[in-house]
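Trainee: One structure follows; several queries about it will come next.
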Amino acid sequence: QVQLVESGGGLVQPGGSLRLSCAASGSPFSINWMGWYRQAPGKQREFVAIITSNSVTNYLDSVKGRFTISRDGEKNTVWLQMNSLKPEDTAVYYCSALSRGQLHWGQGTQVTVSS
């Protein structure tokens, strides 16, 4: 079983930056990939970014060039560096991980981009 705990959300002005963190515990070495999803009010949850066990990354088109996903050498923590934030990035951001065929989710962290 994998447990995911996010941190780093908050309120930021347009154009600002935030860095989200996600720490995995339980069976972190069984993880195939870790990623971030987000859900804005009244909208479906959407994919944001993913990083595989061999550090291949992929991003939602609208965040390419602004967001960067990375993970540490022991592969039990993942970060999402978010730059040039826009009001449309406002959402609850969820960390996710695939381990032994099962998808795990964190509790979510709120990111609000507003002046």
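The values are calculated or read from the model by the stated rules, or taken from the named source; none is laboratory data. Only a predicted model underlies this, so the values are computations on that prediction, with no experimental measurement involved. With ideal geometry, Cβ positions are generated from the backbone for all residues, glycine too; neighbour counts draw on all protein chains shown. Remember, those area values only see protein heavy atoms, side chains included, never the ligands or the DNA or RNA. Shrake-Rupley method; radii C 1.70, N 1.55, O 1.52, S 1.80 Å.
Trainee: Using θ = phi - 60° and the Karplus curve 6.51 cos²θ - 1.76 cosθ + 1.60, what whole-Hz ³J(HN,Hα) does each residue of segment 14-25 get, with Gly and Pro shown as x?
Mentor: Coupling constants for segment 14-25: x, x, x, 10, 9, 10, 9, 10, 9, 9, 9, 9 Hz.
Trainee: When ligands, DNA and RNA are left out and all protein chains stay put, how many square angstrom of accessible area per residue does the chain have with a 1.4 Å probe?
Mentor: Working: 5840 Å² over 115 residues.
It amounts to 51 Å² per residue over the chain.
Trainee: Karplus couplings for segment 77-87 from phi (6.51 cos²θ - 1.76 cosθ + 1.60, θ = phi - 60°), rounded to Hz, Gly and Pro as x?
Mentor: 9, 10, 10, 10, 8, 10, 10, 6, 5, 10, x
Trainee: What does the extension gain come out to for Leu60 and Arg19, with contour length at 0.36 nm per residue minus their alpha carbon separation?
Mentor: Extending this stretch completely gives an extra 13.1 nm.
Trainee: Also: Going by amide H atoms built from the backbone, whose H comes under 5 Å of the H on Gln3, apart from near neighbours?
Mentor: Ser25, Gly26, Ser27
Trainee: Residue by residue through segment 89-98, what is 3J(HN,Hα) from phi via Karplus (6.51 cos²θ - 1.76 cosθ + 1.60, θ = phi - 60°)? Round to whole Hz and write x for glycine and proline.
Mentor: With coefficients 6.51, -1.76 and 1.60, one gets 7, 4, 4, 8, 9, 10, 7, 9, 8, 9 Hz.
Trainee: Here is a further query. Put a dot 7 Å past each Cα toward the Cβ at Thr77 and Ala40; how far apart are the dots in nm?
Mentor: Each label point is offset 7 Å from its Cα along the Cβ direction, giving 3.1 nm.
Trainee: Of all accessible surface on the chain at a 1.4 Å probe, what whole percent is carbon and sulfur? All intermediate terms of the calculation are to be shown ahead of the outcome.
Mentor: Numbers: 2810 of 5840 Å².
Of the solvent-accessible surface of the chain, carbon and sulfur hold 48 percent.
Trainee: Leaving ligands, DNA and RNA out of it, work out the accessible area of Arg19 with a 1.4 Å probe and give it in Å² to the nearest 10.
Mentor: 130
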